Amino acid sequence: MTITPSIKREYLSKLASQGKRADNRKFGDYRPIKIEIGYIPKAEGSARVKIGNTQVVAGVKMDLGDPYPDTPDSGVMTTAAEMIPMASPDFESGPPREDAIELARVVDRGIRESEIIEVEKLCIVPGEKIWMIFIDIHIIDYDGNLFDAASLASLAALMTANVPIQRIKPMLEKLQERYPEIGNYLKEHPDNYTLPLREPPISCTSAKFGNVIVMDPSLDEEEIAEARLTVATDEKGDIRAMQKGLNGSFTVDEIKKVIKASIDNGKKIREELYKIVGK
Amino acid sequence: MKNDNIKLFRDGKRVDGRATDDLRPIKIEAGVLHRADGSCYLEWGGNKIMVAVYGPREAIPRHTQNHLRAIVNARYNMAAFSVEDRKRPGPDRRSREISKVISEALEKILLLEKFPRASIDVNIEVLNAEAGTRCAGLTAAGVALADAGIPMKDIPVACAAGKIEGQLVLDLGKEEDNYGDADLPVAISPRTGEILLLQMDGHLTFDEFEKALDMAIKGCNKVSELQKAAIIQKYKVELEVE
């Protein structure tokens, strides 16, 4: 460990023992969240999300593709995250490092396992042609808690996405000679339409250092954190995805407490999200 | 790419209603990122560009260090969602080339000998692309370098001129870039008029080139004023005089 984190640890732990955090938040509080939609005109759906100083842009692109053999009638979704050197002096260019891959996979899981995307409605020709959805996450400014910022930006991008019939039409019409079923699809969907979605799950991340657990860790708190837990919960308060990170541990009671807090915060964030994207 | 079905002029106006020597709308904001040493957000027509500058800091890996001066690492990158058909993330041949010519343009203007063994990293992210991203990127990089307080002789600025349907125009838009006859991106040091970057594709006569270059330089000078205004906006201090 370098010298700086050990100084930070001492300082933040001392504050924590007095029930305080460096930016005057309560342990269970989030930093201000700002969601901006339609940020990228070239994308089918997009959003810029700020949690405090952390800033993330997510874009959804859609394209025609071939289905996987085991799900011939379903669309396909892929999530990728880039920790570009812009976001932090410590990020380097090159192929995604393990943190970027973990980030993309945790966001992916939150979206996939909650079945927010109605993939069965994204089939054009069963067994032959389906929609592929790409969620790309660009980290612009890194000041802690990328998990929540990235998943919230992805959700807002998905919830504002339109299936690009207009753009793909020439290609579909060409394919129609081989697959006459496309005619029906085009009749049903003559123009761009809203991406079919179910309720969104909201991810909440907590970090543990010393004997305290804080929600929405800032960068300093993340740097000294021993353990991290991300919990995605749905509208009913059910758990839809989890990820524990770092080499520290939680007790069972702590885990339960974190889940409860994640459900409460998830509710508030979901309301914010609905306010911006509409329900 | 020529296409006779597409008309790039209507009643003497360009497809987006501009006159031949009009720029697209430009918005520049300095110092928008928290972590970066200097940053700039720029909108130029439909382009949305974010630039972060880090440095001068120790150049790594070490073998890239120059013991007499700093090195400049400009990295031009397009977001996967920035274009019509999704782009695969990561550098490709086009972005590497653009990164190289931008790095070289910036090297000329920065006082690199003040920082031996250091690197100055300029990250240019294209979030939404619509013709002229390299000029927009370099222009934003100029502002971000100034915001980072890195000593330089001038704030570099870029702008393109081109030819569509036989007429010379400033700052090509999307259709003009796709179906026009020539594109001439230029970066200059506005104080001295020195040319820092010059590329061309298409077809121009020598006379046309002279006029197009003149047009591009005039465009650069207009954009330069916007750069300075953005930096003043960020750093002006209002004094209360009693």
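What follows draws every value from the coordinates through simple rules; no lab data is involved. The model shown is predicted, which means the values in this text are computed figures rather than measured ones. Quick reminder, even Gly has a Cβ in these numbers, built from the backbone with ideal geometry, and neighbours come from all protein chains shown.
When only Cα pairs below 8 angstrom with a gap of at least 6 residues are kept, chain B shows a relative contact order of 22 percent.
Working note: Karplus 6.51/-1.76/1.60 with θ = phi - 60° gives segment B:117-127 the couplings 6, 9, 10, 10, 9, 10, 9, 10, 10, 8, 8 Hz, where Gly and Pro are set to x.
Take every Cα pair under 8 Å whose residues are at least 6 apart in sequence, average their separation, divide by the length of segment A:192-240, and the relative contact order is 39 percent. The antiparallel fraction among DSSP beta bridges confined to chain B stands at about 85%.
Compute log10 of I(q)/I(0) for segment A:8-277 with the Debye formula, placing one identical point scatterer on every Cα and leaving out solvent, at q = 0.09, 0.10 Å⁻¹, to two decimals. For the requested q values the scattering log ratios are -0.44, -0.54. Remark: mean inter-chain Cβ contacts per residue of A:86-92 equal 6, using a 10 Å Cβ-Cβ cutoff to other protein chain atoms. Rounded to whole numbers, the Karplus 3J(HN,Hα) couplings from phi for segment A:58-67 are 10, x, 10, 10, 10, 8, 6, x, 9, x Hz, using 6.51 cos²θ - 1.76 cosθ + 1.60 with θ = phi - 60°, and x at Gly and Pro.
Amide H to amide H, with H built 1.01 Å from N, A:D141 comes under 5 Å of A:Q55, counting only residues 5 or more places away or on other chains.
Computed over the protein assembly as shown, the per-residue total of -39500 (n - 2.57) for DSSP H runs of n ≥ 4 gives a 222 nm mean residue ellipticity of -10500 deg cm²/dmol, rounded to 500. Under 5 Å from the amide H of B:I150 lies no amide H of any residue 5 or more positions distant or on a separate chain, with H modelled from the backbone and absent for Pro and chain starts. Annotation note: trypsin sites (Lys or Arg not before Pro) in segment B:173-227 located in DSSP loop regions with a Cβ neighbour count of at most 13 within 10 Å are B:R191. Relative to the longest principal axis of the Cα atoms of chain B, the long axis of helix B:206-235 makes an angle of roughly 40 degrees.
Sorting A:83-95, B:142-154 by their mean Cβ neighbour count within 10 Å, with the most densely packed peptide first, gives B:142-154, A:83-95. Inter-chain neighbour count for A:125-138: the average number of beta-carbon atoms from partner chains within 10 Å of each residue's beta-carbon is 2.
Any idea what diffusion coefficient the protein assembly as shown gets from Stokes-Einstein, in µm²/s, Kirkwood Rh on alpha carbon pairs, 4 °C, 1.567 mPa s? Calculated translational D: 52 µm²/s. Axis angle, to the nearest 10 degrees, between helix B:133-147 and the longest C-alpha principal axis of chain B: 30 degrees. Dimensions of segment B:9-235 from C-alpha coordinates, computed as largest minus smallest value along each principal axis and given longest first, are 56, 40, 34 Å.
Among the listed pairs B:K13/B:K87; A:K34/A:K61; A:K61/A:K169; B:K48/B:K108; B:K13/B:K218; A:K20/A:K256, those whose Cα-Cα separation exceeds 24 Å are B:K13/B:K87; B:K48/B:K108. In a fully extended conformation the segment linking A:N184 and A:T4 would gain 58.5 nm over its present Cα-Cα distance, using 0.36 nm per residue. Sequentially through segment A:68-80, phi angles give Karplus couplings (6.51, -1.76, 1.60; θ = phi - 60°) of 6, x, 7, 10, x, 10, 10, x, 10, 10, 10, 10, 9 Hz, Gly and Pro residues having no value and appearing as x. Within chain A, the whole DSSP H helices whose Cα atoms reach 15 Å or more along their own axis and whose mean Kyte-Doolittle score is at least 1.0 are A:146-159. Taking amide H as placed 1.01 Å from N in the peptide plane, B:L196 has its amide H under 5 Å from the amide H of B:A187, B:I188, B:S189, each at least 5 places away in sequence or on another chain. Shielding by partners for peptide A:93-100, expressed as the average number of C-beta atoms from other protein chains within 10 Å of each residue's C-beta, is 2.
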